[in-house]
Amino acid sequence: MSDAIGSPPRAANPALLTLYEEIADCPACELARTRTQTVPGVGPAPAEVMCIGEAPGAREDEQGLPFVGPAGRFLDQLLGGIGLSRETVHIANVVKCRPPGNRDPQPEEIAACNPFLERQIAIVDPLLIVTLGRFSMSRWFPGASISRIHGRPRRFGGRIVLPMYHPAAALHRGDLRPVIEADFALIPELLEEARTEGAREPGGADEPSAHSTPVAAAAAAPSAEQRSLL
Ligand code: URA
């Protein structure tokens, strides 16, 4: 991780910088009362790939940066394994403040943060969104079970959304490590497809409510691990 310890991100993109400043002042939910600082996100805008996790933990709350703890180290390894680095990927969370004791974010907290996430996605304008864990997955796949749909990308209007287990899951369950690695290995092919075939539909909505379609790449077929989980 090359981000300076203790320096929250200063976005180079003016729209992203404005967004980060608004997030820093946000009083919209209870998490504003307990946070050390907000954790808006990090990485370039625009960016081809955007990873969206759940919420900051203790290390992220201290540093103002997403995924700087143990799960972040694994995320960096996963990105490195497919030739990407955190410098080239935009990394964010559904919720921008740490839930006390790392409890799950509550529906009202997710709803309060959602306008920020929507603007962030619009500014970053990714070809591929990787959802890490069930809270970001639920934004596009409400009611889905992560064990059934991980690694199965779908196109939502202008973007491909690839649901994955949260990297922290592999820290508790070693058997998920190869599953997450196999899902990450789909990214280069999906990105290539998005670039060459053009994921964008003219004027296509990319809202979660938009009609979604499976992605044509072979990646959409269930892997052996997935079949065993179905
Ligand atoms: N887990 C998350 O979902 N986000 C972080 O930023 C860190 C851990």
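Table: residues versus (1) more than 9 Å from the ligand (Cβ to nearest atom); (2) in contact with a Cys (Cβ under 6 Å, 6 or more places away or on another chain); (3) farther than 20 Å from Arg177 by Cβ.
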{"residue": "Leu65", "(1), (2), (3)": "no, no, yes"}
{"residue": "Gly69", "(1), (2), (3)": "no, no, no"}
{"residue": "Leu75", "(1), (2), (3)": "no, no, no"}
{"residue": "Gly81", "(1), (2), (3)": "yes, no, no"}
{"residue": "His90", "(1), (2), (3)": "yes, no, yes"}
| Taking Ala32 and the conditions (1) away from the ligand (no atom under 13 Å from the Cβ); (2) assigned to a loop (DSSP other than H, G, I, E, B); (3) among the hydrophobic types (A, V, I, L, M, F, W, C), which numbered condition does it fall short on, given that it satisfies the others? | (2)
| Given (1) within 15 Å of the ligand (Cβ to nearest atom); (2) more than 23 Å from Pro46 (Cβ to Cβ); (3) among the basic types (Lys, Arg), index of the condition Lys96 fails | (2)
| request: Among the residues of segment 60-82, count how many are within 14 Å of Leu171 (Cα to Cα), surrounded by fewer than 22 Cβ atoms within 10 Å (Cβ to Cβ) and of a type in the set (A, V, I, L, M, F, W, C). | output: 1
| task | Please find, within segment 45-63, the residue that is farthest from Ile110 (Cα to Cα) out of those that are within 12 Å of the ligand (Cβ to nearest atom) and in a loop (DSSP other than H, G, I, E, B). | result | Gly57
| Verdict on Ala12 being among the hydrophobic types (A, V, I, L, M, F, W, C), assigned to a loop (DSSP other than H, G, I, E, B) and free of Cβ contacts under 8 Å to residues at least 60 places away in the same chain | yes
| Can you name the residue in segment 83-96 that is surrounded by 13 or more Cβ atoms within 10 Å (Cβ to Cβ) and free of Cβ contacts under 8 Å to residues at least 60 places away in the same chain and, of all such residues, is farthest from the chain's Cα centre (by Cα)? | Thr88
| remark: Counting only residues that are away from the ligand (no atom under 16 Å from the Cβ), of a type in the set (Ser, Thr, Tyr) and not in a helix (DSSP H, G or I), segment 124-148 contains a total of 1
| Hits in segment 157-171 (condition: surrounded by fewer than 22 Cβ atoms within 10 Å (Cβ to Cβ) and free of Cβ contacts under 8 Å to residues at least 60 places away in the same chain) | Gly157, Gly158, Ala169
| query | Restricted to segment 35-44, and to residues that are touching a residue at least 40 places away in the same chain (Cβ under 8 Å) and in a loop (DSSP other than H, G, I, E, B), which residue is nearest to the ligand (Cβ to nearest atom)? | reply | Val39
| task | Assess whether Pro66 counts as being touching an Asp or Glu at 6+ places or on another chain (Cβ under 9 Å), more than 26 Å from Pro107 (Cβ to Cβ) and not in a helix (DSSP H, G or I). | result | no
| remark: When restricted to Leu127, Leu117, Leu132, the only residue more than 21 Å from Leu176 (Cβ to Cβ) and in contact with a helix residue (DSSP H, G or I) (Cβ under 7 Å, 6 or more places away or on another chain) is Leu127
| said: Cβ-Cβ under 7 Å, sequence separation 6+ or interchain: first residue in segment 97-125 and modelled with pLDDT under 95, partner part of a helix (DSSP H, G or I). Which pairs? | reply: none
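Output the residues belonging to segment 69-107 that are aromatic (Phe, Trp, Tyr) and either assigned to a loop (DSSP other than H, G, I, E, B) or more than 21 Å from Pro163 (Cβ to Cβ) (or both). Working first, answer last.
Start the filter on segment 69-107 by keeping residues that are aromatic (Phe, Trp, Tyr), which leaves 74.
Once the filter is applied, which keeps residues that are aromatic (Phe, Trp, Tyr) and either assigned to a loop (DSSP other than H, G, I, E, B) or more than 21 Å from Pro163 (Cβ to Cβ) (or both), segment 69-107 yields nothing.
Scan segment 108-115 and give yes if some residue there is touching a Lys or Arg at 6+ places or on another chain (Cβ under 6 Å), assigned to a helix (DSSP H, G or I) and of a type outside the set (Asp, Glu), otherwise no. Working first, answer last.
As a first pass, look at segment 108-115 and keep what is touching a Lys or Arg at 6+ places or on another chain (Cβ under 6 Å): 113.
From what's left, assigned to a helix (DSSP H, G or I): 113.
If we keep only those that are of a type outside the set (Asp, Glu) as well, we get 113.
Yes: one or more hits.
The values are calculated or read from the model by the stated rules, or taken from the named source; none is laboratory data. These numbers were taken from a predicted model, which means no experiment stands behind them. Cβ coordinates were reconstructed from backbone atoms using ideal geometry, including for glycine residues, and neighbour counts include every protein chain displayed.
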